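> The structure's right below; bear with me while I get my questions together.
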Amino acid sequence: MNLSPAMIDTQGAMRKLLAAVLVACCAFVPLAALAQTGVKRALLVGINNYAAVPRLQGSVNDVETMRQVLVSRWGFAERNITVLTDERATRAAIMAALDRLVKEAGPDDIVYFHFSGHGSQVKDLNGDEDDGLDETIIPQDGRVGDVRDIVDDELDEIFARLKARSVLIVLDSCHSGTATRSTDIRTRSVPQDTRIAIYEAYEKSKVSTRAVVPVMESHFVVFAGAADNQEALDGPVDGRFHGFFTYALARSMGNSPLNASAREVFRGVEQEMRKIQARINRSVMPEPQLEAPPELLDKPLFEPRSVQGAVAGSAPPARLPWVEARPQGPGRITLVNSLLLGGGPGSTWAIYPPADATFAPGAALAVATVAQTAGRDGLATLQPENAAIPNGARAVALLPAGSAQQIALRIVDVPAERRKSIEATLRGFLKDVEFVGANRPARFLVDVRGDLLRLLSADGMQVVASFPVNSQQWATGVAVVVSRSANATELLTLDNPSSQIKVDARVANAAPLQPTAGTRGFGTRGVTVVADTQPAQYRVRRAGEARTPQNSLQVEIRTSADAFITVVDVDSEGGVNLLFPSEHQRQGFYPDGLVRAGEMVALPDSLQSGNRAGFFWDYSPPKGNDTIRVFASTDLQTAQAIRQRVRTLGAPASRVGAGTRAVAAAVGDLRSTFRGLATRGIVTVQDPTSHVPTPSATPVYSYPAPPADAMQSNAAPPASQAPAMPSDWTATTLT
């Protein structure tokens, strides 16, 4: 396996960070000092249908999802949330709503402002921008007549007048980036506005100074969805269009602990972006960025003592976002607004009693699987069918839907007659292929260059494989890659957003899992931390060559609870390989894959001969992007079920020409196992104490001291010595 070179320079500094608030950012002030009389207020703006610039597809979904997260997870009251979408989001309406927000917000309030839509640039007229350009967001009627974009200077002036103690600002928009051939994934940028006269008129009419607190003296933490030379993207995820950054931020804000720091929320965004990248088969993704004064990076964004019902007009926060579950008769239930949280057909939800806010693993009343949607609601079937679900029950996401049973291909830049011939040939080899046009998402693109037929990544920026078009084997080659991709896609849909345990993983020579992770240095707002969304470059190890971090994989893993680790590799052609546990590992090296909470585990422990692990993971063909999936489960039975299904997917019969329906069925069996873990009566042993360690607590589970033998010095105890744990599992992804 081998990873392609990163295609974006991650060392370049951002041109400006004050204006980065306009490049898909999120600003936070810690809530530790909030008084008892504050109110949580939100203004959410999402625009798909523009009057004069290209339309988007995910902006309205963005703000609907964020509203659900704010209400169910963080306790915002519906009456204190204003939503402007499409034709209601004109320049005048946005500015008026912002002005009302400034006037109504009190000094102890929490204020959240979200904009999802197009961004752009305009010539800087007051000399405050190093590159001579101001960043803008574009209202629904922007570029019509003399309607101006909303310039960053204007937003600076508005937000500087807010008296709120906590201000959260999210603008999922952008103004520049590279081209893409994937027309179902759209950039949130339009060309620079050159109608300079209308901006000159505005510049002459406003005050000469900007009423802004110097950034290094502020308490803002900034999350940027992309560097200022990159695109923010809008595309399909979980069967619904979203801004990728907003989707990732919503997931992270929904799953991060109540006392999560800026860095922890940022790591959650980073992980979600990796999952999106792997599932949509893009070779390049934007790099979210975090900037903050150093002293704020690791402080809680939401102090638990400040949000437990202390803010007026709000409810206490919950551990996870939830939706209302309404019983509809025996075995049937409606999940209200579940589509906002990824509840498409095939998704699975755990049902809990009314007012439950902890959603403990194994304690669900039942599980529900969405059969179809009606608007934003999910119509679901219950398991067990006779489960008694009270009115006001709550549902949390347990498993996302599996991938489509057919793999979508798009043939591009090929004459019509030749396209028909290629389609007919491939249909003879791939029974589960679907050819789609530019209005539908595609897993791969196909084109012909000279004598080569090429299979490209979904964004058209990486050649996955190429075959001589005059050869009799080209269709077989495409079939192998596409069918194996079905394996990878299905494996990547196994996720557990309701898990209480957390797992961090990184390639050993990547940025360390420490407080200084990814740091570039000091920027306008403090330390800049860059997300690791771009594949690093490694190379195939040649025979006899010494092992180094560049040609042999070493993964470092840390879990928040004692857990059984399973490591799986999915190569660029969709081949599935169980890396750990391995039949080659030495006795005593993490038996059954069991690791201790909080311990940094290196797999293998060394790249030197005679290591404790007894194995190495060398990079080998096929070249391209590899995805490493790390599963962590608190009970051995779940870990064994994962490993058995991975072995099935990695068997030779599943690698060549296997139908995607067969692969989906194999993963479906594993989904059934996971569904069973959620409900009462199926948990192996219920431990009344939380198995999620806190910074101030010692681990719940303790083990006998390991033997003094050096070979055993990094080994967890055998499974037979491990105490029973509540059944819980999670997974993370490396690319």
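Computed from the coordinates by the stated procedures, all read-outs in this text should not be read as laboratory data. No experiment lies behind these values; they were computed from the predicted model shown. Every residue, glycine as well, gets a Cβ built from its backbone with ideal geometry; the counts of neighbours run over all protein chains shown.
> Would you kindly state how much longer the chain becomes between Ala508 and Ser606 on full extension, computed as 0.36 nm times their sequence separation minus their alpha carbon distance, in nm to one decimal?
34.2 nm
> Hey, can you grab everything whose amide H is under 5 Å from the amide H of Phe435? Only 5+ residues off in sequence or another chain; H modelled, so Pro and N-termini drop out.
Leu409
> The stretch 539-616: which trypsin sites (Lys or Arg not before Pro) are DSSP loop and have at most 10 other beta-carbon atoms within 10 angstrom?
Arg542
> Tell me which residues come under 5 Å, amide H to amide H, from Ala366 once H is placed; ignore anything under 5 positions away on its chain.
Under 5 Å from the amide H of Ala366 lie the amide H atoms of Ile351, each far enough along the sequence or on another chain.
> Can I ask one more? What is the gain in length, in nm to one decimal, between Asp413 and Ala355 on full extension, counting 0.36 nm per residue of separation less the C-alpha to C-alpha distance?
15.3 nm
> Compute the label zone of Asn386 within the stretch 322-358: residues whose backbone N is under 15 Å from the point 7 Å along Cα-to-Cβ.
Zone members listed by number: 330-332.
> Quick one: which residues, 5 or more positions from Val469 or on another chain, have an amide H under 5 Å from its amide H? H modelled 1.01 Å from N in the peptide plane, none for Pro or chain starts.
Hits under the 5 Å cutoff: Leu452, Leu453.
> Separate question: Multiply the residue gap between Thr82 and Arg539 by 0.36 nm, knock off their C-alpha separation, and tell me the result in nm, one decimal place.
159.4 nm
> What is the sum of charges, Lys and Arg at +1 and Asp and Glu at -1, for the other residues whose Cβ falls under 12 Å from the Cβ of Gly392?
In short, 0.
> Here's a follow-up. Just to confirm my numbers, what's the Cα centroid distance between the stretch 52-118 and the stretch 322-369 in Å?
27
> Let a ≥ b ≥ c be the square roots of the eigenvalues of the Cα gyration tensor of the stretch 561-614; is it rounded (a/c under 1.5), or, if not, prolate (a/b larger than b/c) or oblate?
Note, shape of the stretch 561-614 comes out oblate.
> Applying a 10 Å radius around every beta-carbon, put 561-571, 409-419, 110-120, 387-397 in order of their mean neighbour count, most first.
Taking the mean over residues of other Cβ atoms within 10 Å, the ranking is 110-120, 561-571, 387-397, 409-419.
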